[in-house]
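Below is one structure; the comments refer to it alone.
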Amino acid sequence: MIMQIKVLFFGATADIVGSRELVLSLPENSKAIDAFQKVIKEFPSLEKHKLLFAVNEEYSKGEELLKEGDELAIFTAVSGG
């Protein structure tokens, strides 16, 4: 079965993708890292940046199982001083 999640982009990632959000279709039982890798495959220039991602507004290491309607946010790492 296929599910859909919303992918949100911020900062430089939105510029690269040309949009602030898109809908991604994935097989059920996909993990956050699977969605992240699918986005990178579609937009390989994202790999030039140090990226972080979050699932439903919580930082993710990629192991979370996604479900229909979840949000995956992809953004560049920001360092403070």
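Throughout, read-outs are computed from the coordinates displayed, never taken from laboratory work. Since the structure is predicted, the reported quantities are computational estimates derived from the model, not experimental observations. Here the Cβ is made from the backbone with ideal geometry for all residues, glycine too, and neighbour counts use every protein chain on show.
All other residues whose Cβ lies under 9 angstrom from that of LYS6 are scored, Lys and Arg at +1 and Asp and Glu at -1, for a net of -3. For Cα extents along the principal axes in Å, the value calculated from this model appears in [x] 35, 31, 17; [y] 43, 24, 17; [z] 32, 29, 21 under label [y].
Think of the chain as a dipole: +1 on every Lys or Arg Cβ, -1 on every Asp or Glu Cβ, centred on the Cα centre; then among ILE33, HIS49, THR76, HIS49 lies furthest on the positive end.
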